[in-house]
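Scroll down for the structure; my scribbles are underneath it.
Readers should treat all values here as calculations from the given coordinates under stated rules, not as data from a laboratory. All values reported here derive from a predicted model rather than from experimental measurement. No Cβ is skipped: glycine too gets one built from the backbone with ideal geometry, and neighbour counts run over all protein chains shown.
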Amino acid sequence: MSMLDLPAPYPWPEGKTSAFCFTMDVDAHSPWMWNNRHDVPQLLSHLEQRHFGPRVGIRRIADMLKRLDIKGSFYVPGAVAEAHPWMLPALLDAGHEVGLHGYFHELVTEVSDEEFTRVLESSLEIFAQQTGRKPKGFRSPAWEMTPHMLAEVKRHGFYDSSLMGYDTPHSVDGVVEVPVNWGTDDAIFFKFLGGGDPAPRSPAEILGAWTEEFEASRRFGSLFMLTVHDWISGRGARPLMLETLMERVLDAGDVWLATVEEVAAHHAAHAMDRNPVTSDIPGTLLEHSAWTRS
Ligand SMILES: [Zn+2]
C-alpha cells in the first residue's frame, strides 16, 4: 500500500464507470453589460453577437438535447432571466435544470462580500418570481470563488459548480462541489470578439480533443463536465459537433448522463465522506520560516 496508489473509483450510481453533464452558462449580453457598467458604449457588434444566444443558439442546442433525450443544467444570470422572461420556465418545462450564475455576471474580483450577498438575493428573487421555486445550484461567473461565497452558498443549501480541485464530486467547507473543467469549456476554443483575438478553432479539432477527454473520463472514472455558452456554441457547425460528441457518450453505455443537480444529490446522499476539503488559503510566503530565518 503506497500513498501513490489510486483511490477506489468514485461510486457512480447504477454501476456506471464515469459521468457526463451537459451544462450551459447562458451569459448572453450580461458580461458585456457588466464590463461597461460605468459607461455603456454606443457600439453594436459585441452586443449583437451575444444576442444571438437567446435568439437562436439556445434553441438550436435545446432542440438537439430534445432529440437525444438529454437533460442539461443551464446557469442563468438574473439579468438574462429579466431580459428574457420566457427562458427559465421554458427550460424547466423541457425537463432541464436551471441554476444561479450571478445577477449581472458580476466578477468576484470586482465586488465586495456585501455586494455579492445583495445580488445573490436579487437572483433568488427573480428565479422565485419566474419559476415559483428555489434553484438547487450555483455556478460562479468566470468560475472564481471566495470563502465568503462558499459560506453564502452553504447558507442557502446550494451545491456549487465552479471549482476544479478534484475531477469527481467532492465538498468544500461542507458544500457539495460538482467540478468544472476549463479543458471542456467552449469559450477557450471558440470565443472570438475580434480585435486581435486568436482565431476560433475548428469544431472537428475540438471534437477530437473532447473525444479524447471523454475516453480519459471513462478510463479514470471521472466526471466529464461539458460547459458551453448560448452565444458561442449555438452558432455554425458547433451544435452539430456537440451532437456527435453526445451521441458517442450515449453509445458508450457505461456513462451516467445526469444533470448537475442529480450528481450533487447523489454525492450528498452517498459519498459525502469522499474527498472533503476546506477553503483555507495559506498566509503570505513572507511570513514563512524559510524566508524569515536570520
Ligand atoms: Zn458565465
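Of the cross-linked pairs K154/K191; K16/K66; K16/K134; K16/K136, those separated by over 27 Å at the C-alpha level are K154/K191; K16/K134.
Average projection, convex hull of the Cα set of segment 162-294: 12.3 square nanometres. The slack in the chain from L4 to R67, taken as 0.36 nm per residue of separation less the alpha-carbon distance, amounts to 18.3 nm. Give the separation of the Cα centroids, segment 92-153 to segment 234-252, in Å. What the calculation gives is 28 Å, centre to centre. Hey, rough spin-label estimate for L107 and E125, points 7 angstrom out along Cα→Cβ, what's it come to in nanometres? A separation of 2.6 nm, rounded to one decimal place. Counting only DSSP H runs of at least 4 residues, each contributing -39500 (n - 2.57), and dividing by the residue count of the chain, the helix-based mean residue ellipticity at 222 nm comes to -12000 deg cm²/dmol. Among the GluC sites (Glu not before Pro) found in segment 55-151, not one is both in a DSSP coil and sparsely packed, with 11 or fewer other Cβ atoms within 10 Å of its Cβ.
Backbone phi angles across segment 84-93, fed through the Karplus curve with coefficients 6.51, -1.76 and 1.60 (θ = phi - 60°), yield HN-Hα couplings of 10, x, 6, 5, 4, x, 5, 5, 5, 4 Hz in residue order; Gly and Pro are listed as x.
Hey, for a label at R55 modelled as a point 7 Å past Cα toward Cβ, could you say which residues of segment 213-233 have their backbone N under 20 Å away? The answer is 229-233.
Dipole size in debye (nearest 20) for segment 16-292 around its Cα centre, Lys and Arg Cβ +1, Asp and Glu Cβ -1?
Numbers: 24 positive and 39 negative charges, 159 e Å.
That gives segment 16-292 a dipole magnitude of about 760 debye.
Model label points for L43 and A269, set 7 angstrom from Cα along the Cα-to-Cβ axis, are 5.0 nm apart. Remark on segment 22-75: hydrodynamic radius 12.5 angstrom, per the Kirkwood mean of 1/r across alpha carbon pairs. Of the peptides 182-190, 134-142, the order by per-residue mean of other Cβ atoms within 10 Å, starting with the highest, comes out as 134-142, 182-190. With a ≥ b ≥ c the root eigenvalues of the C-alpha gyration tensor of segment 16-292, is it rounded (a/c under 1.5), prolate (a/b larger than b/c) or oblate? Because its axes are fairly even, with a/c under 1.5, segment 16-292 counts as rounded. Add +1 for every Lys or Arg and -1 for every Asp or Glu among the other residues with Cβ under 10 Å from the Cβ of V277, and state the total. Taking every Cβ under 10 Å from that of V277, the sum is -3. Based on Cα contacts under 8 Å between residues 6+ apart, the chain shows a relative contact order of 28 percent.
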